[in-house]
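Colleague: Please see the structure below; I have some questions.
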Amino acid sequence: MLKDYEFWFVVGSQFLYGPEVLKTVAERAQEMADILNASGNLPCKLVYKATIKTNQEVNDVVREANYDEHCAGIITWCHTFSPSKMWINGFVDLQKPYCHFATQYNRSIPNEEIDMDFMNLNQAAHGDREHGFIAARLRMPRKVIAGYWQDEDVQKRIGSWMRSAVGVMFSRTLKVMRFGDNMREVAVTEGDKVETQIKLGWQVNTWPVGTLVENMNAVTEEEIDELMAVYQSEYEMATDDIETVRYQAREEIAMKKMLDAEGCRAFSNTFQDLYGMKQLPGIASQHLMALGYGYGGEGDWKVAAMTAILKAMSEGQTGGTAFMEDYTYNLEPDATYSLGAHMLEVCPSLAAEKPRIEVHPLGIGDREAPARLVFEGHEGPAIVVSLIDMGGRLRLIVQDIEAVKPILPMPNLPVARVMWKAMPDLTTGVECWIAAGGAHHTVLSYDVTAEQMKDWARMMDIEFIHISKDSTPEKIEEQLFLNDLAWKLK
Ligand code: MN
């Protein structure tokens, strides 16, 4: 999917300096796009599109960008000075993600060569300030990245922002399939679907469990054989109860057919509505997540959609992204950890070792023992992400975590598990998380960063809260208070 998108490099200038300078600007912009594309640090292609000299040229490129479904955003830079009143009309109409790349063609100031011609050609230092002012004046959601364009860390920051922009594009066309409603009485999994569609673009709709059961009944033994071969090759079959695993394959095939027929990239279900089904989908949901579909348990369509979005943003990366739930704590003074899991549905993209297919009874619900993948999550820095509906607005909460190898083997725990240290520490992090209203369901990702989610939230025009190593409850509470005021005024 990343390869379906491109970004347009739009360079600001003006007629004042004569045709020679404009020719040089265009050549250099093309060269910069070529070198950035060849760097391997951008997940999507950068296309040099235009050198802007007039109001009409900005309007034209913005109109084209808005309607081009492959254009996931524009990246601007001012090689020379480019008077910004000519950018106003175009910027007002821009509907695509926007990044201002403040760089310059030359890395150093050349001692002998520098004269007034050089100064006229290479004046990004003040050109980018004029350019930045008008975006600030227009209150545009934008990313500003400053640095030398050939530096790897700068290129990677552009690449990282591109993934956030692709997350925006993905979000705006995302369809979510709900099997059954939210779990009875649960608050945080509720939300205003109309407001969410207005803000984030998601089309969230329901399909009868009965239709899923019809589709399950229509699945052939040959189709199940085929998927069982995939399970066998990717996972360790640690059960003799093959029929139970085959039932999961039947569920997966039926769900995938329905998802694909509707173009849905995320789904939710609930153990309280499995009418006509023998097992809650376990490995079925887990393997669909491994294929890139978003999932949310207990009817949690918000976390299902967010899982799909973070998976889309991190396409091609290998750390892993999954639906997750905070389950229980280890509160020993020298070893404070969160244990995350779910009753079944943790994505095997997180696994530190080959997942085992096991069959165990489910303590909740009234169905047969389901097959599921059991594994430990791997170590490493990650984030957990929660989207909540505050009534009138959406709030995205991101917490930095450090996943560790689980400190206990927990041999009788029949589900996949991840253990982590929350930032800034477990109990302070819990105080911040609860103050912000973060859910028990999250998306856990080793690939997507808090900065990428901040950029995504800004482009989506929703509230963003980051709990990091520097957070304190006092600072978070102050920010929540000020955000409440700000969002009431918006
Ligand atoms: Mn849950």
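Colleague: At 222 nm, what value in deg cm²/dmol follows for the chain if DSSP H runs of at least 4 each add -39500 (n - 2.57) and the sum is divided by all its residues, to the nearest 500? It would help to have the intermediate numbers written out before the result.
Modeller: Working: 15 runs with 192 residues, N = 490.
That comes out to -12500 deg cm²/dmol.
Colleague: log₁₀ I(q)/I(0) of segment 352-407 at q = 0.16 Å⁻¹, via Debye over equal Cα point scatterers, no solvent, to two decimals?
Modeller: Those come out to -0.82, one per q.
Colleague: Work out how much length ALA335 to LYS469 would gain on full extension: take 0.36 nm times their residue separation and subtract the Cα-Cα distance, in nm to one decimal.
Modeller: 46.5 nm is the gain from fully extending ALA335 to LYS469.
Colleague: Show GLU368, GLU31, GLU226 ordered by accessible area, largest first, where the area counts protein heavy atoms only and the probe is 1.4 Å. Write out the running numbers ahead of the final one.
Modeller: Working: GLU368 100, GLU31 65, GLU226 135 Å².
Accessible-area ranking of GLU368, GLU31, GLU226, largest first: GLU226, GLU368, GLU31.
Colleague: Still on this structure: Tell me, what is the 1.4 Å probe accessible area of CYS44, in Å² to the nearest 10?
Modeller: 10
Colleague: Let me ask something else about it. Check each of the trypsin sites (Lys or Arg not before Pro) in segment 335-390 and keep only those in coil by DSSP with at most 16 other C-beta atoms within 10 angstrom; list them in order. Walk me through the numbers before you get to the answer.
Modeller: On the way: sites: ARG356, ARG367, ARG372; in loops: ARG367.
Taking segment 335-390 and a limit of 16 other Cβ atoms within 10 Å, the loop trypsin sites (Lys or Arg not before Pro) found are ARG367.
Colleague: Would you grab the residues whose amide H sits under 5 Å from the one on THR206? Only those 5+ places off in sequence or on another chain, please, with H modelled 1.01 Å from N.
Modeller: Under 5 Å from the amide H of THR206: ARG178.
Colleague: Next question, about the same structure. Which order do LYS193, LYS96, LYS354 take by accessible area at a 1.4 Å probe, largest first? Could you put the intermediate results ahead of the total?
Modeller: Working: LYS193 70, LYS96 25, LYS354 105 Å².
Ranked list, largest accessible area first: LYS354, LYS193, LYS96.
Colleague: Whole Å is fine, so just give me how far the alpha carbon centre of segment 1-51 lies from that of segment 248-314.
Modeller: What the calculation gives is 40 Å, centre to centre.
Colleague: Rounded to the nearest 10 Å², what accessible area does ARG172 have for a 1.4 Å probe in the complete protein model?
Modeller: Roll a 1.4 Å probe over it and ARG172 shows about 100 Å².
Colleague: As an exercise, use a Förster radius of 30 Å and the Cβ-Cβ distance of THR54 and GLU451 to find the FRET efficiency, rounded to the nearest 0.05.
Modeller: Values: r = 35 Å, r/R0 = 1.16.
Here the calculated transfer efficiency is 0.30.
Colleague: Follow-up. Just to be sure I understand: of the beta bridges DSSP finds with both ends in the chain, what percent are antiparallel, rounded to 5?
Modeller: Working: 38 of 78 bridges.
Antiparallel bridges make up about 50 percent of those DSSP assigns within the chain.
Colleague: Under 8 Å for C-alpha pairs, at least 6 residues apart: give me the relative contact order for the chain, rounded to a whole percent.
Modeller: Values: 1015 pairs, mean separation 61.0, N = 490.
12 percent.
Colleague: Also, I was wondering about something else. Where both partners of a DSSP beta bridge lie in segment 376-476, what percent of those bridges are antiparallel, to the nearest 5? Could the numbers behind the result be given before it?
Modeller: On the way: 17 of 23 bridges.
Of all bridge pairs located within segment 376-476, approximately 75 percent are antiparallel.
Colleague: Kirkwood-based Rg over Rh for the chain (C-alpha set), two decimals?
Modeller: Numbers: Rg = 25.0 Å, Rh = 24.3 Å.
Ratio of gyration radius to Kirkwood radius for the chain: 1.03.
Colleague: Enumerate the calculated ³J(HN,Hα) couplings along segment 267-281 in order (Karplus 6.51 cos²θ - 1.76 cosθ + 1.60, θ = phi - 60°), each rounded to whole Hz, writing x wherever the residue is Gly or Pro.
Modeller: 8, 10, 8, 8, 5, 8, 9, 10, 4, x, 10, 7, 9, 5, x
Colleague: So what's the angle, to the nearest 10 degrees on a 0 to 90 scale, between helix 301-313 and the longest Cα principal axis of the chain?
Modeller: 50
Colleague: Using 0.36 nm times the number of residues separating ILE242 and SER39, minus their current alpha carbon distance, what extension gain do you get?
Modeller: Values: separation 203, 0.36 × 203 = 73.08 nm, distance 4.80 nm.
So the extension gain works out to 68.3 nm.
Colleague: Take the residue pairs LYS257/LYS302; LYS193/LYS311; LYS96/LYS488; LYS96/LYS175; LYS45/LYS405; LYS199/LYS311 and return only those whose Cα atoms are more than 29 Å apart. It would help to have the intermediate numbers written out before the result.
Modeller: Working: LYS257/LYS302 22 Å; LYS193/LYS311 21 Å; LYS96/LYS488 25 Å; LYS96/LYS175 20 Å; LYS45/LYS405 37 Å; LYS199/LYS311 20 Å.
Result: LYS45/LYS405 exceed 29 Å.
Colleague: Separate question: Would you mind counting up the charge near GLN232? Only other residues with Cβ under 12 Å from its Cβ, with Lys and Arg at +1 and Asp and Glu at -1. Mind dumping the intermediate values first?
Modeller: Values: positive: ARG246, LYS354; negative: ASP225, GLU226, GLU234, GLU236.
Value of the local net charge: -2.
Colleague: Which value, in Å² and to the nearest 10, is the accessible area of VAL47 when all protein chains are kept and the probe is 1.4 Å?
Modeller: For VAL47, the solvent-accessible surface is approximately 30 Å².
Colleague: Can you work out the Karplus-derived ³J(HN,Hα) for every residue in segment 282-293? Use 6.51 cos²θ - 1.76 cosθ + 1.60 with θ = phi - 60°, whole Hz, and x for glycine or proline.
Modeller: Using θ = phi - 60°, the values come out as x, 4, 4, 5, 5, 6, 4, 4, 4, 7, x, 6 Hz.
Colleague: Still on this structure: Given points 7 Å out from each Cα along the Cα-Cβ axis, report the VAL186 to GLU27 separation in nanometres with one decimal.
Modeller: Going by the 7 Å Cα→Cβ label model, 6.2 nm.
Colleague: Could I ask something else about it? How far, in degrees from 0 to 90, does helix 124-137 lean away from the longest principal axis of the Cα atoms of the chain, to the nearest 10?
Modeller: 60
Colleague: Still on this structure, please answer the following. What is the angle, in °, between the Cα long axis of helix 426-436 and the longest principal axis of the Cα atoms in the chain? Nearest 10 is fine, range 0 to 90.
Modeller: Relative to the chain, helix 426-436 is tipped by roughly 70 degrees.
Colleague: Given q = 0.08, 0.09, 0.11, 0.19 Å⁻¹, what are the Debye log10 I(q)/I(0) values for segment 1-160, with equal point scatterers placed on the Cα positions and solvent ignored?
Modeller: For segment 1-160 at q = 0.08, 0.09, 0.11, 0.19 Å⁻¹, log10 I(q)/I(0) is -0.21, -0.27, -0.40, -1.26.
Colleague: At 1.4 Å probe size, put ILE401, ILE434 in order of accessible surface, largest to smallest. Show your work: numbers first, answer last.
Modeller: Working: ILE401 5, ILE434 120 Å².
Descending order: ILE434, ILE401.
The values are calculated or read from the model by the stated rules, or taken from the named source; none is laboratory data. Just so you know, these numbers come straight off a predicted model, no measurement behind them. Cβ coordinates were reconstructed from backbone atoms using ideal geometry, including for glycine residues, and neighbour counts include every protein chain displayed. SASA here: full protein model, heavy atoms, side chains in, ligands and nucleic acids out. Shrake-Rupley method; radii C 1.70, N 1.55, O 1.52, S 1.80 Å.
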